[in-house]
Amino acid sequence: MANDIVVNFYTNVKFLCKEKGLQLNEIETKIGVSAGYLSRVVGGRKDLGIIKAYHIAELLETPLTDLLEKALWKKYRIKELKAELEALEGSTE
């Protein structure tokens with residue numbers, strides 16, 4: 001279970017980095033860790049720690065709890081689809 005949380009966190013960080021046009025190494029630099037640190041966390045060779053996780057969430061402008069979700073990308077995709085639908089409905093009025 002703990003490993004699932006770490007994998008969810010890493011997957012969500014990667015997803016949000018892509019959404020925001022950031023690289024993982026930019027996040028690592030901003031939180032003061034070496035390149036590849038997040039990969040080592042997923043591999044079980046490093047411990048992330050709550051403070052670093054919180055700083056990553058701040059940098060990505062998202063709640064820390066969102067980074068722990070299983071499929072955060074689905075939540076973002078649903079928001080995008082709702083916005084597209086609203087735009088389409090607004091253009092037909």
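The values are calculated or read from the model by the stated rules, or taken from the named source; none is laboratory data. None of these values were measured; they are calculated from a predicted model. Using ideal geometry, Cβ is built from the backbone for each residue, glycine included, and neighbour counts are taken over all protein chains shown. We work out accessible area using only protein heavy atoms, side chains counted, and drop any ligands, DNA or RNA first. Shrake-Rupley method; radii C 1.70, N 1.55, O 1.52, S 1.80 Å.
Scanning the range 7-56 for residues that are open to solvent by 40 Å² or more (accessible area, probe 1.4 Å), charged (D, E, K, R) and in contact with a Leu (Cβ under 8 Å, 6 or more places away or on another chain) gives LYS14, LYS20, LYS30. Scanning the range 37-93 for residues that are among the hydroxyl-bearing types (Ser, Thr, Tyr) and assigned to a helix (DSSP H, G or I), we see that the one that is farthest from ILE27 (Cα to Cα) is SER91.
Whether any residue in the range 72-81 is closer than 13 Å to TYR10 by Cα and of a type in the set (A, V, I, L, M, F, W, C) is what I want to check. Yes - at least one qualifying residue is present in the range 72-81. Before we move on, is LYS46 modelled with pLDDT under 90, in contact with a helix residue (DSSP H, G or I) (Cβ under 6 Å, 6 or more places away or on another chain) and basic (Lys, Arg)? Considered against the rule, which asks whether it is modelled with pLDDT under 90, in contact with a helix residue (DSSP H, G or I) (Cβ under 6 Å, 6 or more places away or on another chain) and basic (Lys, Arg), LYS46 comes out as yes.
Residue pairs whose Cβ atoms lie under 9 Å apart, separated by 6 or more positions or on different chains, with the first residue in the range 52-81 and without any contact (Cβ under 8 Å) to a residue 24 or more places away in the chain and the second exposed (fewer than 14 other Cβ atoms within 10 Å of the Cβ) and among the β-branched types (Val, Ile, Thr), are ALA57/THR65; LEU64/ILE50.
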